[in-house]
1. Which one of these is among the acidic types (Asp, Glu) and under 20 Å from residue 116 (Cβ atoms): 8, 71?
2. Output the number of residues of the stretch 19-56 satisfying the condition of being of a type in the set (A, V, I, L, M) and farther than 25 Å from residue 113 by Cα.
3. Taking the condition of being surrounded by fewer than 16 Cβ atoms within 10 Å (Cβ to Cβ), over 21 Å from residue 102 (Cα atoms) and not β-branched (Val, Ile, Thr), how many residues in the stretch 4-33 meet it?
4. I need the strands (runs of 3 or more DSSP E) fully contained in the stretch 1-117, keeping only those with at least 1 residues that are at pLDDT 90 or above.
Amino acid sequence: MPPSRSEELAKAWIFIVDAEAFEYHTKKHKMEELTAVAARLLHNNRFLAGYVNIAEKIGYFVDNNRVIVAEKYHFELLSEEIGISSVPHTSNLPLPLEEAVPVDPDPLDKRLTYIGGNQINNRRVYGEIRQDKVSSYNTRFTPRLDTIDIFEGPL
């Protein structure tokens, strides 16, 4: 039997445990030239959306409009090698839920969150997008946006 969509999407996340793993995977997945990479962090038993600044080797993640900074790795990077792509999406319109990449496959509050990105002040950043059609795309650098890029994966 072919793998489920959830199993396929699970392969897109690369767990980074230390500096050696960071160097290896950013090089292997051709991320070392990027400014930032979409990422997630397991925090208080749920995954948070955010990004890792490649040069700083530090992650910035959204938790109820607060930024959680991860300086000691233990985050997951989103690899686009299995067919994940970023497509434009207008905020406050229904999300393409059948195609969007969830950040947390089993959220405690049963509201799936997704990851999206945009170019803000000449920086590529990523943040949280909620299933309830409310654009809550927030990171250290971002205001509320009218248009975002949402990650979509294989069906």
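1. Exactly one residue qualifies, and that residue is 8.
2. Residues flagged as of a type in the set (A, V, I, L, M) and farther than 25 Å from residue 113 by Cα within the stretch 19-56 amount to 3.
3. Residues that pass the stated criteria total 11.
4. The strands (runs of 3 or more DSSP E) meeting that bar are 13-16, 36-43, 46-53, 58-63, 66-70, 75-78.
The values are calculated or read from the model by the stated rules, or taken from the named source; none is laboratory data. None of these values were measured; they are calculated from a predicted model. When we count neighbours, we look across all protein chains shown, and the Cβ atoms used for this are built from the backbone with ideal geometry, even at glycine.
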